[in-house]
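Following: one structure in structure tokens, then a few remarks.
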Amino acid sequence: MNRITVLCSGGLDCVVATQMALQEYPDNELTLLHFDYGQVTAEKEHVLVSRLANYWNCSNRFYKLPNELFQGGPEERRHALPPYWVPARNLTLLSCAASWCETNDQEVLVIGTNVEEATAFPDNSKMFTKHFASTLRYALAPATPLYLYTPLAHERKTSIIQRGQELKAPLHLTWSCYTNDNWPCHVCPSCLCRENAFFACGLIDPLVVGEYRRYYGVCLGSGDVELADSWLKDRRKKKGFERPCGAN
Ligand SMILES: [Zn+2]
């Protein structure tokens, strides 16, 4: 029996990483760990993580961190940073998760960091997680056997979606948008990355299927990829904003 904890936000990456961990460690006891650090989508993530815990029939834990720690530095330095930058986010969240893991005798800590996110956010890079894993040897009690599992470290969004599809990960329970609305905004960099990647895979995002059904009362079939894409382009035009994927 492997005791597995996932740093989970309800995003595509951590959900696929979780499904890969379940395959890698079939005899397991799974816990989803979620932190509220003042992100706009904290409430939505909380709901999604609860739904995911129901889906996987596992435990979940929620912790609120002091929001003022993550506000960022002086304005003149922020122009060089990507939008939605959060200072030392993954360092802090992984450190808190590692403390939780030692406290609760966990053996595997999962995070869905990947190449796509690492281009804009260096605390998603392979180098960052490699150094963090090394640091754990000095930060945790000597007998703590915690392994940092990063199955998506070399993956891009398209291969993450393909893996999720192959493993039947609950992609319909994920959220990537930077907004807290009922439906994705379709114009933020995260929405564009996700939607472009689904299109490149020849698949339709289950969230788009749901939204389309809400508008027209009909389901998109698996072959309606072009129709879904042109509908999304139309939605973006109506919002008066369109730009290429922010992470590339
Ligand atoms: Zn969005």
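Every read-out reported here was derived from the displayed coordinates using simple, explicitly stated rules and does not represent laboratory data. Bear in mind the structure is a predicted one, so any value in this text is a computation, not a measurement. Because the Cβ atoms are built from the backbone with ideal geometry, glycine has one as well, and the counts that use them run over all protein chains shown.
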| query | Using θ = phi - 60° and the Karplus curve 6.51 cos²θ - 1.76 cosθ + 1.60, what whole-Hz ³J(HN,Hα) does each residue of the stretch 213-219 get, with Gly and Pro shown as x? | reply | 5, 5, 6, 10, x, 10, 8
| message | For the ranges 61-72, 11-22, 109-120, 86-97, what's the packing order if you count other beta-carbon atoms within 10 Å of each residue, average per peptide, and put the highest first? | response | 11-22, 109-120, 86-97, 61-72
| task | Counting other beta carbons within 10 Å of each Cβ, put 58, 177 in order, fewest first. | result | 58, 177
| task | Note the full-extension length gain between residue 50 and residue 167 as 0.36 nm times their separation in residues minus their Cα-Cα distance, in nm to one decimal. | result | 40.1 nm
| query | Using the 10 angstrom Cβ neighbour count as an exposure proxy, how do 59, 176 rank, fewest first? | reply | 59, 176
| task | Let me have the 222 nm mean residue ellipticity of the chain computed from DSSP H runs of 4+ only, each contributing -39500 (n - 2.57), with the sum over all residues rounded to the nearest 500. | result | -13500 deg cm²/dmol
| If the cut-off is a Cα-Cα distance under 18 Å, which lysines reach residue 168, setting aside same-chain residues fewer than 8 apart in sequence? | 157
| Considering amide H positions built from the backbone, and no H for Pro or chain starts, which residues 5 or more places from residue 121, or on another chain, come under 5 Å of its amide H? | none
| request: Give me D for the chain in µm² s⁻¹, whole number, from Stokes-Einstein with Rh from the Kirkwood sum over alpha-carbon pairs, 4 °C and 1.567 mPa s. | output: 68
| request: Report the residues of the stretch 75-107 in range of a label on residue 143: point 7 Å along Cα→C-beta, backbone N strictly under 13 Å from it. | output: 105
| Looking at the chain, what % of its DSSP beta bridges pair antiparallel, to the nearest 5? | 0
| remark: Per-residue Cβ contact counts at 10 Å, fewest first, order 1, 127 as 1, 127
| task | Note the full-extension length gain between residue 91 and residue 230 as 0.36 nm times their separation in residues minus their Cα-Cα distance, in nm to one decimal. | result | 46.1 nm
